């Protein structure tokens, strides 16, 4: 069994396509197919079901995938460690960021890292926060900028960039009639929320469950800007963070009694980072002007 075969196996599993996987690892589709067939012969089991339009893992493939990822990560760690000793930094750095979020310091850190370490292949992926956190946990992403609540999976470190209350967003011309709202009052309103998996939504949902049960929103909007526009159109009450509400003078954010955990936006990575990840986190720390935690 060769590390190259494991790399191809993981790429096909992620992309659900031999062609897309070949593009990802910079080889040809016939070569990646041949290497996968060789790996299957060695293991004595088919790893993929090729009968449909997309390639799906078999039971054997699903069993092999959790072992293949850390094996690849360990091999990359060996290469990175030796390169670091030699004064070089090679390999890859896979970064993720929450959808629709433009945080300038992250892009500045990416640019600085790319300039300082041109031999490291950089990639950037946008996804909902819950998927980003899961990707850090399973090793498919090295560093992510994601929203989260009070808990993170074990083995993940974080730098909190923003921590602020979740608020009920209403038109500014109505906000003077009330200074705050109760969580139970929101059960009787048409709510406009971000999709499940967003950090702000997770904090709100967890609070609702803790205070009587889940609250189903009337509308799920894909971005904070869309929620603000829907609130201004009279479609309901939005659920966002305090700074997002404060950024648009047409709306106001009301504190919600019952939502006691702040929504956080932070940079997350595994506790056992490769050298490239450590270097990038140092740059991020510098850009966000955050000191090392004590």
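Bear in mind that the values in this text are calculations on the coordinates, not laboratory data. The model shown is predicted, which means the values in this text are computed figures rather than measured ones. So basically every Cβ, Gly included, is an ideal-geometry build from the backbone, and we count neighbours across all protein chains shown.
Go ahead and set up a Gaussian network model of the chain, Cα springs under 10 Å, then flag whichever of 253, 199, 52 fluctuates most.
For the chain, modelled as a Gaussian network with Cα springs under 10 Å, the answer is 52.
If I build a Gaussian network model for the chain, linking alpha-carbon pairs within less than 10 angstrom, which residue out of 259, 25, 161 has the largest mean-square fluctuation?
Ranking 259, 25, 161 by mean-square fluctuation puts 25 first.
Which order, highest average first, do 30-42, 236-248 follow once you tally other Cβ atoms within 10 Å for each residue and take the mean per peptide?
Numbers: 30-42: 16.0, 236-248: 21.3.
Ranking, from highest mean packing down: 236-248, 30-42.
So what's the angle, to the nearest 10 degrees on a 0 to 90 scale, between helix 199-210 and the longest Cα principal axis of the chain?
Computed tilt is about 60 degrees.
Computed FRET efficiency, Cβ-Cβ of residue 188 and residue 233, R0 22 Å: what is it to the nearest 0.05? Don't skip to the answer; put the middle values down first.
Details: r = 20 Å, r/R0 = 0.90.
The pair residue 188/residue 233 has a calculated efficiency of 0.65.
Expressed as an acute angle from 0 to 90° and rounded to the nearest 10, what is the orientation of the C-alpha long axis of helix 129-138 relative to the principal long axis of the chain?
30 degrees
How high is the FRET efficiency from residue 4 to residue 59, r the C-beta distance, R0 22 Å, rounded to 0.05?
So the FRET efficiency works out to roughly 0.35.
Anyone know which of 204, 107, 280 comes out most mobile in the 10 Å Cα GNM of the chain?
Taking springs between Cα atoms under 10 Å, the residue moving most is 107.
At 222 nm, what value in deg cm²/dmol follows for the chain if DSSP H runs of at least 4 each add -39500 (n - 2.57) and the sum is divided by all its residues, to the nearest 500?
Calculated at 222 nm, the ellipticity per residue is -13500 deg cm²/dmol.
Working out 0.36 nm times the residue gap between residue 75 and residue 108, then minus their Cα-Cα distance, what length gain in nm do you get to one decimal?
Length difference between fully extended and current span is 9.0 nm.
Given 0.36 nm per residue, what is the gain on full extension from residue 125 to residue 45 after removing their alpha carbon distance, in nm?
So the chain would gain 25.6 nm between residue 125 and residue 45.
I'd like the distance separating the alpha-carbon centroids of region 1-68 and region 122-177, in whole Å.
Taking the Cα centre of each part, region 1-68 and region 122-177 sit 32 Å apart.
Rounded to the nearest 0.05, what FRET efficiency do residue 173 and residue 211 have when you use their Cβ-Cβ distance and R0 = 35 Å?
My answer for the efficiency is 0.75.
Angle check, please: helix 3-15 long axis (alpha carbons) against the longest principal axis of the chain (alpha carbons), in degrees 0 to 90, nearest 10.
It works out to around 40 degrees.
Rg/Rh for region 96-163 to two decimals, with Rh computed the Kirkwood way over all alpha-carbon pairs. Walk me through the intermediate numbers first.
Values: Rg = 12.4 Å, Rh = 12.9 Å.
My calculation of the ratio gives 0.96.
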